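Structure record follows, encoded as structure tokens.
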Amino acid sequence: MHLLLIDDDTPVADPIRSALFGSGFTVDVARDASSGRELATTNGYDAILVEILPEYGGLEFLAELRRNGATAPIIVLAASETRADEVLALDAGADDFLLRTVSADVLAARLRAAIRRGGPRLTEHLHVGNLLLNRVSHNVQCASKPLPLTARQYALLEFLALHEGEIVGRPILLAHVWQLHTESGSNVVDVHVAQLRKRLRDAGSTVDIRTVRGEGYVLEVGTS
């Protein structure tokens with residue numbers, strides 16, 4: 001699942017991003033209001049985390065995201081909590097309200113719950129070939145039978161499935177699946193693709209991952 005975190009406090013944002021990555025999420029971080037607005041309204045995020053700070057115009061920033069077309073579930077992370085703050089945030093367009101000191105496992109669970117409840121763009125299940133991916137539980141079925149995958153294999157499969165038929169380069173996979181912005185880990189991609197390809201073939205999937213030399217990989221669906 002792909003998240004946006006809007007927070008200019010690096011010592012807070014980076015641990016949150018790392019913790020969510022460990023729970024199977026990919027996270028883009030916007031460090032200021034301007035980039036947060038642009039990313040929130042142009043990319044298809046499954047959920048948005050917003051730190052309500054004075055620099056962002058307080059809760060008006062949250063309301064602005066909704067007016068500008070952000071439809072994903074929004075969770076507010078607050079430095080402190082009063083009932084009035086929570087009421088104002090929910091009325092401004094938030095789907096949930098948490099202290100930013102919340103534990104990583106609770107935050108991940110609340111995100112999954114918000115995504116399950118939905119929003120106009122929620123797609124909990126993803127069908128590709130004879131595979132069924134549950135984007136909340138990260139369970140995969142192949143021809144109605146469970147297909148166990150590691151967390152990184154699942155993240156790789158989901159990202160390629162969301163871009164079915166498109167060539168996806170290694171730098172894109174490194175950034176979105178491994179949260180790496182360098183090609184130094186490109187061998188990691190090759191190894192995981194090979195392992196995932198074997199898992200799919202052994203399970204009898206109609207889905208295959210084709211290598212496009214010099215460009216990247218493309219997920220394709222066959223007929224058998």
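The table below gives the values:
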{"item": "Relative contact order of region 125-221, pairs being alpha-carbon contacts under 8 Å that are 6 or more residues apart, as %", "result": "29"}
{"item": "Nonlocal amide H pairs with Ala30, under 5 Å, H built at 1.01 Å", "result": "Leu5, Ile6, Asp7"}
{"item": "q = 0.14, 0.16 Å⁻¹: log10 I(q)/I(0) that the Debye formula gives for the chain, counting C-alpha atoms only", "result": "-0.88, -1.09"}
{"item": "J(HN,Hα) series, region 26-33, from Karplus relation 6.51 cos²θ - 1.76 cosθ + 1.60, nearest Hz, glycine and proline x", "result": "9, 10, 8, 10, 9, 8, 8, 5"}
{"item": "Rg/Rh ratio calculated on Cα atoms of region 6-53 (Kirkwood radius)", "result": "0.94"}
{"item": "Note, ³J(HN,Hα) from phi for region 63-69, Karplus 6.51, -1.76, 1.60, rounded to Hz, x at Gly and Pro", "result": "4, 5, 4, 5, 5, 7, x"}
{"item": "Other-chain or far-sequence residues with amide H under 5 Å of Asn130's (modelled H)", "result": "Thr206, Val207"}
{"item": "Table column - 3J(HN,Hα) (Hz), region 162-174, Karplus curve with 6.51, -1.76, 1.60, x for Gly and Pro", "result": "5, 10, 3, x, 9, 7, 10, x, 4, x, 5, 5, 4"}
{"item": "Cα-based helix-to-principal-axis angle, 186-202 vs the chain, degrees rounded to 10", "result": "60"}
{"item": "On Cα atoms only, tilt of 10-22 relative to the major axis of the chain in degrees", "result": "40"}
{"item": "The chain - mean residue ellipticity at 222 nm from DSSP helices (-39,500 (n - 2.57) per run, n ≥ 4, rounded to 500)", "result": "-13000 deg cm²/dmol"}
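A short reminder: the numbers here are calculations on the coordinates, not readings from a lab. The structure presented is a predicted model; accordingly, all values stated were derived computationally and were not measured.
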